[in-house]
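Reading through the structure tokens given below for one structure.
Quick note: the coordinates plus some simple rules give every number you see, no bench work behind them. Model, not experiment: these values are computed from the prediction. No Cβ is skipped: glycine too gets one built from the backbone with ideal geometry, and neighbour counts run over all protein chains shown.
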Ligand SMILES: Cc1cc2nc3c(=O)[nH]c(=O)nc-3n(C[C@H](O)[C@H](O)[C@H](O)COP(=O)(O)OP(=O)(O)OC[C@H]3O[C@@H](n4cnc5c(N)ncnc54)[C@H](O)[C@@H]3O)c2cc1C
């Protein structure tokens, strides 16, 4: 029977017992709010930089969008360079694309160096052009990427069909992607942060933050923390920073994992050794999992009231299975094993908000990670560490709210 409403990555065996909530009056150099991949990565990067860090997570670590994600280190943003250049401006677009590539390599190297057991495996990303007009657009995109020295190789329709075994008019291959278990990766970074002295609390929801000229205070149900740094890694600005909500759009994303492919199906669907996405208006993501299962995601819809969500997950999971069977008719009839939903927070210009905001002294935001993958969370973590050690770069500035000014 399919399990609806629970992510494939959720099983409790990946987790230790819950950490205790924070209580009392504390101090710290930096408080990280939110214990998803971005918050855990930030806690590690800040503690590694020698700062005294406290991380506060409202629920359990890595239970938000991180638990629902595909678990991919994407070396390019989930957007076309040409679109981002138009909407965010050429400089921010170029910085995002070039820095993200460096970040994806650095994240993979860091996880390896720390010995985080998260099934990290290098792969490439294939961006498919199912129809002729998609191919024309994707070729233009590849030329724009090459002009700023980004990696990419055009596969002819024949080569693309061999690699993907699906309807294709060609594809762009991008190297240096990786896949991982997103929950284990986040928990591993949290553990590495703890080993460097970070104090990590679960079941501690931040209610508000305030600031004076001297410092900031982070308030939660059982107490407060006085600090000179706050990293907001809550996915969306949310109720605590509701004035910034106009900068983001929140939707629901859906994902399914199939039952294992039968041996006969496996022979028909090719090598299955790359991450798959599409150079279309509304792309899907396909990741082949160990045990011959497929993880298929990318469907988004409006936010849904809680009582209607269970029915929506079931319906959208079946829609994704149908869409998967259109791309791979040879596996049609395969049942879903898991179907779940998750928040998808994006911005108008498609890049996340990573940086300070002039109305919030001592704060650093790392929100609206959308469908970008874990490399952007790592990029945000490293930028936060530079910000709070007074070593921010000019590139860092371009990924934040400066873009709107
Ligand atoms: C193919 C693909 C699909 C992806 N799908 C998605 C997707 O659908 N949606 C998406 O967003 N990202 C998706 N990602 C991107 C990426 O993996 C995630 O965005 C990333 O893991 C999100 O991490 P996060 O830490 O920013 O957010 P989250 O994992 O959501 O973490 C935020 C945390 O903050 C906590 N929190 C919130 N408010 C408070 C508070 N007041 N006090 C304390 N804690 C609080 C929450 O409980 C939560 O644990 C996808 C990536 C890829 C490659």
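One table, with the values for the structure above:
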| read-out | value |
| --- | --- |
| GNM result for the chain, Cα springs below 10 Å: residue of 76, 32, 95 fluctuating most strongly | 95 |
| Linear extension gain, residue 207 paired with residue 315, 0.36 nm per residue minus alpha-carbon span | 35.4 nm |
| Range of Cα positions in the chain per principal axis (Å), largest first | 63, 49, 41 |
| Cα long-axis angle, helix 182-195 against the chain (0 to 90 degrees, to the nearest 10) | 30 |
| Fraction of antiparallel bridges per DSSP, the chain only, in percent to nearest 5 | 65 |
| On Cα atoms only, tilt of 374-387 relative to the major axis of the chain in degrees | 30 |
| Spin-label pair residue 300/residue 3, simplified geometry with 7 Å Cα→Cβ offset, distance in nm | 2.7 |
| Three-way shape call for region 78-149 based on the alpha-carbon gyration tensor, with the a/c threshold at 1.5 | oblate |
| Net length gained if the chain between residue 214 and residue 20 were fully extended (0.36 nm per residue, minus Cα distance) | 66.9 nm |
| Prolate/oblate/rounded call for region 251-352, Cα gyration tensor, a/c under 1.5 rounded | oblate |
| Pairwise centroid distance, computed over Cα atoms, of region 91-131 with region 192-206, Å | 26 |
| Tilt relative to the chain, helix 37-48 - C-alpha long axis, 0 to 90 degrees, to 10 | 50 |
| Least to most buried among 321, 1 (fewest other Cβ within 10 Å first) | 1, 321 |
